[in-house]
Amino acid sequence: MLKETEWNKHFNIGVESVDDAHRKLFSIVRRLTHLSREENNGHWACAEGIKYFKNYAIEHFTDEETYMQSIGYKGYEIHKRLHDDMRYKTLPALEKELAESNYSQESIQHFLGICLGWLTAHILIEDRAITGKIANRWKTDNAGADMDALENALIVTIQEIFRLQTEIVSEHYAGEDFGTSLIIQLTYLSTAQKKIRIFMVLEKSLVLRAVSAMLDIPLNKMDKLVMNAGRELALRIAEQLGIHCHLSSQYRLESSHIMTSEQFVKILYSDIFDYSLLFNTGHGYFAFCAKLNPASPLQSNAH
């Protein structure tokens, strides 16, 4: 269940117009959260509220970008790409899911969870960096051909393993909550003793569907059997990705383990990841995060 969206002074960046807009965005999400919990809220109320949130968020992005340019903010280009990712990938993907599911409870929870998580992380890290309160989290951004190649390789891999049509939701996943999930950390070591750390987050519904299909038995509980089977699925995803990216002979698995969401978010917020992607399979969300060594072959061999 979603937590209440409370405003506190830690969200303030010290620019009145920006802080006012952020308070309003949280207020809209709070109202939508209440609507989603009411049995007779009606699709129309949620649909209109979500449309209003989207329009206001996009208007705010434009205003914030104008402010960053007016003060000559050095992190403007990367910050704008984060806004564009939300504008042109995340919000349209979430809207598509809402429409295709006829505003199901699950799709509304996805929308609110991801938007709330994105707002929280973006304000506390990226927006506070505008006024120098904290360092910019995305110091580098692997946009362009490398990102496209990795996205395509992951989409093909997910489709091969899960037999599901998959689409990108975000190129800058920051740990947004999309429901109960299985989180796996994989560490690979190269022949040159360089490490790659990969984190995969598989939504409960996606794992249960896959393991149920394996056993030909309907499952509805994330027990040890399901979690261990899910970890094996993550290993197969990484293995297939290595084949697609021509890395399978260069890296060997050093360790794999299941982690809690608290452990994962702590690592995600404290480290700088080279890739952090979110996908929708139509039967659950899937996140892929990777921390590479400098000049890792993944960035040049993913073509």
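The values are calculated or read from the model by the stated rules, or taken from the named source; none is laboratory data. Note that the coordinates shown come from a computational prediction; the quantities given were computed from them, not determined experimentally. So basically every Cβ, Gly included, is an ideal-geometry build from the backbone, and we count neighbours across all protein chains shown. Surface areas here come from the heavy atoms of the whole protein model, side chains and all, with no ligands, DNA or RNA. Shrake-Rupley method; radii C 1.70, N 1.55, O 1.52, S 1.80 Å.
Odds and ends about this structure:
- Remark: Glu106 matches the filter, which requires a residue to be open to solvent by 60 Å² or more (accessible area, probe 1.4 Å), assigned to a helix (DSSP H, G or I) and modelled with pLDDT under 90.
- Helices (runs of 4 or more DSSP H) fully within region 1-93 counting 2 or more residues that are modelled with pLDDT under 90 and open to solvent by 20 Å² or more (accessible area, probe 1.4 Å): 16-37, 43-70
- Residue match in region 196-219 (condition: open to solvent by less than 60 Å² (accessible area, probe 1.4 Å), of a type outside the set (Lys, Arg), touching a residue at least 60 places away in the same chain (Cβ under 8 Å) and farther than 29 Å from Trp118 by Cα): no
- Of all residues making up region 145-186, the number that are buried (at least 18 other Cβ atoms within 10 Å of the Cβ) and among the charged types (D, E, K, R): 4
- Selection within region 173-200 - touching a His at 6+ places or on another chain (Cβ under 9 Å), at pLDDT below 90 and not hydrophobic (A, V, I, L, M, F, W, C): Gly179
- Ile258 falls short on exactly one of the conditions (1) open to solvent by less than 40 Å² (accessible area, probe 1.4 Å); (2) modelled with pLDDT of 95 or more; (3) not acidic (Asp, Glu), and that condition is (1).
- Near pairs, Cβ below 7 angstrom, 6+ apart or cross-chain, from region 273-288 (farther than 10 Å from Val169 by Cα and open to solvent by less than 10 Å² (accessible area, probe 1.4 Å)) to any residue that is assigned to a loop (DSSP other than H, G, I, E, B) and of a type in the set (Asp, Glu): none
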